[in-house]
Amino acid sequence: MSAFEVTFGSNLIGSWLTAALYGLTTAQTYTFFNNRYGNSTSLKMLVFSLWVLDTLHTVVVFHIIYHYLISSAFNAPAFLLPVWSLPASVVVNAFVVAICQIYFTWVIYKLCKKTWLRITLTMFIMAFIILHFGWGIATAVIMMLQKTLADYQTKQFVAFLPYTITQLPVDFALAASLCILLFKKRTAFQRTETLINTLIMYAVNRCILTSAVALVEVLAVGIAPDSFWFIAAEYILGQLYVNSLLATLNGRDSVKDSSSRGDATLSSGGFNAIPLDNIHHHPVALELQNASESKSRNFGSDNIFDMPDRLEGGVKIRGSGSFPGAR
């Protein structure tokens, strides 16, 4: 392959993937804002901010492609000079990744019940998040100081490689912590079981996808240092995080939809011996209602990270073990 192909061809392919993932981000954001369950204002602001950052990142990537392949098409010296949107894409991506990682770290903090464990675990993860974000900003600054694109290739091992490697411990720590903590929340009830299995699946998939892209960046730097494949892989990294976060939130609501339909079917099909016309006066129903009201007071709807609250321990019913969150 020619130098032009491995440099700007890789950027073009990266822009195609960026456009596809941006469409998925927009679709998932629309789904989130149109679900029938009330999400907190803070959570809506978080999702909207991530969509705005993803939009900005997509515009910046398109500017890179337009600058080199359209504006500089007949200006050969311009191909040797860096453009401002290259380091800008790294900065935006660093912010997007850090925000998503902090969200999942807060979820872990909410799921941990032991004070020493939640502090130790979240401080460990946050240390790597800060390190990864710092390397991202440093990488962008180093890129801005280079005079030519060829200089980028000489700085890969002091900029892009540490930036990418520091992401891997965060991915593995987040996935392992979420899977272990969620697994401990498992119960014998289908609704809670389905929700927990869904969240575990998303945690594992996110780790696999983001770690795979990070490994591609590392291999690109090591195997093809004269190409820009590592930049093309960097384009889509933040979008994978955003789509993973949105999939987690939307998957939570889809599980609630399914369980709601199941609850309605069971109630109308004579699942238990409690008469439906007297259900609200039954002692068990009154106990569940009181527990639900108490739980609502403890976990208000304005909590930004309300997902872990839906996994809190069950409500005790006389002689029947545990009943997962009555809502």
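Every number in this text was worked out from the coordinates using simple rules, so none of it is lab data. In this text the structure is predicted, and so the values were computed from the model without any measurement. Using ideal geometry, Cβ is built from the backbone for each residue, glycine included, and neighbour counts are taken over all protein chains shown.
Annotations
- Protection proxy ranking, highest mean first, for peptides 143-151, 87-95, 177-185: 87-95, 177-185, 143-151, where packing is the per-residue count of other beta-carbon atoms within 10 Å, averaged.
- Remark on region 3-258: hydrodynamic radius 19.3 angstrom, per the Kirkwood mean of 1/r across alpha carbon pairs.
- Neighbours of residue 197, meaning other residues whose beta-carbon lies under 13 angstrom from its beta-carbon, give a summed charge of +3 when Lys and Arg score +1 and Asp and Glu score -1.
- Per-residue Cβ neighbour rank within 10 angstrom, fewest leading, 66, 152, 163: 66, 152, 163
- Considering only alpha-carbon pairs that sit under 8 angstrom and 6 or more positions apart, the relative contact order computed for region 129-254 is 25 percent.
- Using C-alpha pairs under 8 Å with a sequence gap of at least 6, the mean separation divided by the residue count of region 3-258 gives a relative contact order of 31 percent.
- Computed from backbone phi, the HN-Hα couplings of region 51-63 come to 5, 5, 5, 5, 4, 4, 4, 5, 4, 5, 5, 5, 5 Hz, rounded to whole numbers (Karplus: 6.51 cos²θ - 1.76 cosθ + 1.60, θ = phi - 60°; Gly and Pro given as x).
- For region 47-112: Kirkwood Rh in Å [reciprocal of mean 1/r, alpha carbons]: 13.8
- Hz values of 3J(HN,Hα) by residue in region 115-132 - Karplus curve (6.51, -1.76, 1.60), Gly and Pro given as x: 4, 5, 6, 5, 5, 4, 5, 5, 5, 4, 5, 4, 4, 6, 5, 5, 4, 5
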